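Bear in mind these aren't lab numbers, they're just calculated from the coordinates by the rules spelled out. It should be emphasised that the depicted structure is a prediction, and the values quoted were computed from it without experimental measurement. Here the Cβ positions follow ideal geometry from the backbone for every residue, glycine too, while neighbour counts run over all protein chains shown.
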């Protein structure tokens, strides 16, 4: 899975557009990526002091992995609780090997939590919007775009996502293609959308096999 440069989330905060400013624009002038972020309340994380969540992988309803995160967006301090292990580091400071390993998981897990924000703010991407197409899991027509990450920077550059969203600009599915290869490495849904202090998150991602599910739980947004 594509994992971005560890400093990117921090710097994107400075570049993001406020909800108020976007809301004052004619909706017809807002491109689909902006509108998706706007609908989810993720076009800007300004005003959020701290995010807490647990990234949980289940198969046949059995929990295989759970990582609990606390992220202070103001200081960039991050704490990971993974089983009996706790790792604390600062994303704006040099990291040792264990902290770097934790940060790879952090960027992966926050990508599942905040994809609408990442699509809108990530630098070095190519976005290709396409006509409605049949979604691979739901088998219904959905709006569609592909986002391709550049070959430089990040932990695993060059990845691509095919993203499916409905007419309300809410994400429904995506397909991940490592290295922008021709075939999907995984496909899953976006489901059980919930709003936490203005931030809307798809809290469940059921995979095409119907057995694997990524859940985002224990979400807390502090402003």
Using only Cα positions of the range 8-222, each an equal point scatterer, no hydration layer, compute I(q)/I(0) via Debye at q = 0.10, 0.16, 0.18 Å⁻¹ and quote the log10 values to two decimals. -0.44, -1.22, -1.57
So, with points 7 Å from each Cα along the Cβ direction, the residue 86-residue 200 label distance in nm works out to 3.6 nm
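Using a 10 Å cut-off around each Cβ, can you sort 87, 222, 70 from fewest to most neighbouring Cβ atoms? List each step's numbers first, then the result.
Values: 87 19, 222 12, 70 15.
Result, fewest neighbours first: 222, 70, 87.
Sort 54-60, 157-163 for me by packing, meaning the mean count of neighbouring Cβ atoms within 10 Å per residue, highest on top. All intermediate terms of the calculation are to be shown ahead of the outcome.
Working: 54-60: 16.3, 157-163: 20.3.
So the peptides 54-60, 157-163, ranked by packing, come out 157-163, 54-60.
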Can you compute the label reach from residue 52? Point 7 Å from Cα along the Cβ direction, backbone N cut-off under 19 Å, restricted to the range 196-223. 196-201, 203, 215-223
Using packing as a proxy for protection, rank 190-202, 124-136 so that the peptide with the highest average count of other Cβ atoms within 10 Å comes first. 190-202, 124-136
Spatial separation of Cα centroids for the range 110-139 and the range 156-223, in angstrom: 9 Å
Would you please state which residues of the range 115-149 a label at residue 31 would reach in this model, taking the label point 7 Å out along Cα→Cβ and a backbone N cut-off of under 16 Å? 116-131, 144-149
